[in-house]
Amino acid sequence: MFLSSPEHVSSYYANTCKAPYRAAQAGNLQTEVIIIGGGFSGLHTALRLALAGRQVTIIESSRVGWAASGRNGGMAILGWSCDMDPLEQALGQTDAKVLWDLMRWAAAELKDLPLSHGFDCDYRPGHLWTSVQTKRVAGLREWQQHAAVKWGYDRLQFIDKPELSDWVGSERYQAALFDPEGAHINPLKLALGLAAAIEKAGGKILEQTRALSYQEVGEQVRVITEHGQINCDVLVLACNSYIDELDPALNRKILPVGTFMVATEPLSAAQARALIPCNACVTDNQFVLDYFRLTADNRLLFGGGCTYLGGMPADFASAMRPNLERVFPSLRGVGIEYGWGGHIDISMRRTPEIGCRANVYWMQGYSGHGVLPTCVSGRVVADAILGSSDHLAIFRRLSHADFPGGRLLAPWFEAAGKFWFRLRDVI
Ligand SMILES: Cc1cc2nc3c(=O)[nH]c(=O)nc-3n(C[C@H](O)[C@H](O)[C@H](O)COP(=O)(O)OP(=O)(O)OC[C@H]3O[C@@H](n4cnc5c(N)ncnc54)[C@H](O)[C@@H]3O)c2cc1C
């Protein structure tokens with residue numbers, strides 16, 4: 001059961017950004033497009049529709065960016081959570097390449113959005129993908145070659161051990177790939193910037209307005225909310241891990257998995273630069289990965305770890321500190337000022353699910369990698385609503401299985417399945 005809270009959870013982002021309050025629904029409404037969910041998926045879709053002159057309203061049960069979109073690592077990494085192989089197997093190389101090209105479009109769009117709409121989200125270019133284990137360095141070279149040959153992307157730079165200290169100040173890594181088109185951002189600032197742009201373009205956003213159910217009534221869709229009803233021509237479900245009983249069929253196809261991160265106290269500029277001289281965001285290629293980056297005010301933001309059985313650590317700082325200090329022993333004892341967690345929507349094959357049935361559209365299944373993919377899905381769904389559904393047709397060819405065992409047993413199956421992969425990170 002989805003438990004919301006009326007305010008953002010305490011985090012580095014929520015405590016340092018000023019998020020304007022928006023009114024809740026008052027009375028029954030009629031609109032062209034209703035989007036349920038004020039995270040990146042809903043916001044990107046709404047912005048494109050509002051800019052095209054459509055009458056669009058987002059309803060959000062809490063605040064804009066309340067869930068994963070306002071809490072994530074802010075790492076805008078090219079690619080899908082499942083990597084390219086399952087997409088190529090399911091779609092063939094030509095259509096899988098379309099999805100890769102959409103990802104590159106999203107990376108460029110993310111850079112452009114703050115400039116075109118006049119907001120700041122601390123955009124910084126660069127992603128560094130590191131290898132902890134010597135035996136996995138070959139995997140970096142392999143991806144560099146595949147990216148160039150199969151997907152037409154030749155901008156990845158291989159960095160060998162002797163040069164690595166110019167990029168990241170940790171002895172833990174054996175080699176890395178640098179992607180200049182990846183980037184990092186403050187995700188809550190991005191969500192709030194998108195929301196302001198939507199309103200400027202004529203769209204509406206209602207906070208504290210939870211959708212309870214929906215039904216198709218003739219050519220229209222009726223959404224029942226906690227405050228009344230809203231009739232619309234088109235409904236978009238952008239609820240991520242929280243879809244719950246709003247749509248039980250979609251709910252069965254994703255498993256909410258908890259993940260968490262911390263932010264240190266501000267470091268001196270020199271100390272911060274010594275940790276990540278290239279100021280890129282960093283992820284490693286372990287199965288249970290570490291990810292980290294610097295903030296605009298010189299904190300180290302450090303994340304990783306998953307809880308398949310729900311729940312979150314009682315103390316985020318104690319749970320994350322050993323991992324942080326393993327990467328940067330120089331930070332032993334550093335003050336950790338914030339710790340928070342959120343949920344990601346894992347799909348069975350980690351492939352994204354973007355679909356539609358008549359005038360109901362949905363997007364989910366980002367499987368922990370959603371900063372750029374949500375920008376893609378927002379474009380794909382908005383374009384389909386505007387009459388151009390070629391991209392949506394490609395995504396609809398991906399099949400999505402229910403999790404076996406339902407919400408009760410599926411987390412146990414997943415946790416058991418992951419045990420072997422976790423072992424391979426250390427043997
Ligand atoms: C801790 C953490 C770190 C992450 N780090 C990264 C990262 O560095 N890079 C990356 O690419 N991805 C990352 N992700 C994943 C990424 O944040 C998500 O894939 C992405 O934000 C999903 O966006 P969304 O809009 O689909 O969902 P969400 O942001 O979860 O938004 C869904 C919204 O729908 C609302 N909602 C749901 N049901 C209803 C209802 N019935 N009525 C009204 N409103 C409703 C919710 O309140 C919520 O605000 C991370 C996720 C977490 C949790």
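Below are the figures for this structure:
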{"read-out": "Subset of region 28-52 (residues that are part of a helix (DSSP H, G or I), of a type in the set (Gly, Ala, Ser) and closer than 26 Å to residue 75 by Cα)", "value": "41, 42, 46"}
{"read-out": "Among (1) of a type outside the set (Asp, Glu); (2) farther than 30 Å from residue 156 by Cβ; (3) touching a helix residue (DSSP H, G or I) at 6+ places or on another chain (Cβ under 8 Å) - the single one residue 250 does not satisfy", "value": "(3)"}
{"read-out": "Condition met for residue 255 (more than 24 Å from residue 136 (Cβ to Cβ) and at pLDDT below 95)", "value": "yes"}
{"read-out": "Verdict on residue 24 being in a loop (DSSP other than H, G, I, E, B), within 13 Å of the ligand (Cβ to nearest atom) and either surrounded by fewer than 23 Cβ atoms within 10 Å (Cβ to Cβ) or among the aromatic types (Phe, Trp, Tyr) (or both)", "value": "yes"}
{"read-out": "Residue selected from region 8-21 under the condition within 19 Å of residue 261 (Cα to Cα) and part of a loop (DSSP other than H, G, I, E, B), by the criterion farthest from the ligand (Cβ to nearest atom)", "value": "17"}
{"read-out": "Count - residues of region 77-132 that are modelled with pLDDT of 95 or more, among the hydroxyl-bearing types (Ser, Thr, Tyr) and under 27 Å from residue 349 (Cβ atoms)", "value": "3"}
{"read-out": "Residue list for region 56-78, filter: within 6 Å of the ligand (Cβ to nearest atom) and on the phi > 0 side of the Ramachandran plot", "value": "74"}
{"read-out": "Residue selected from region 351-367 under the condition touching an Asp or Glu at 6+ places or on another chain (Cβ under 8 Å) and not hydrophobic (A, V, I, L, M, F, W, C), by the criterion nearest to the ligand (Cβ to nearest atom)", "value": "366"}
{"read-out": "Which numbered condition residue 84 fails, given (1) more than 19 Å from the chain's Cα centre (by Cα); (2) more than 11 Å from the ligand (Cβ to nearest atom)", "value": "(1)"}
{"read-out": "Residue 136 being within 21 Å of the chain's Cα centre (by Cα) and among the basic types (Lys, Arg)", "value": "no"}
{"read-out": "Subset of region 218-245 that is touching a Phe, Trp or Tyr at 6+ places or on another chain (Cβ under 6 Å) and not in a strand (DSSP E or B) - its residue that is farthest from the ligand (Cβ to nearest atom)", "value": "244"}
{"read-out": "Test: residue in region 287-297 that is closer than 30 Å to residue 362 by Cβ, among the hydrophobic types (A, V, I, L, M, F, W, C), within 13 Å of the ligand (Cβ to nearest atom) and assigned to a strand (DSSP E or B)", "value": "no"}
{"read-out": "Residues of region 246-268 satisfying the condition of being closer than 26 Å to residue 313 by Cα, in a loop (DSSP other than H, G, I, E, B) and over 21 Å from the mean Cα position of the chain (by Cα)", "value": "265, 266, 267"}
{"read-out": "Unmet requirement for residue 130, which otherwise passes all of (1) out of contact with any Cys (no Cβ under 9 Å at 6 or more places or on another chain); (2) surrounded by fewer than 17 Cβ atoms within 10 Å (Cβ to Cβ); (3) in contact (Cβ under 8 Å) with a residue 40 or more places away in the chain", "value": "(2)"}
{"read-out": "Selection status of residue 310, assigned to a loop (DSSP other than H, G, I, E, B) and modelled with pLDDT of 95 or more", "value": "no"}
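The values are calculated or read from the model by the stated rules, or taken from the named source; none is laboratory data. This structure is a prediction, so every number in the text was calculated from the model and none was measured. Here the Cβ is made from the backbone with ideal geometry for all residues, glycine too, and neighbour counts use every protein chain on show.
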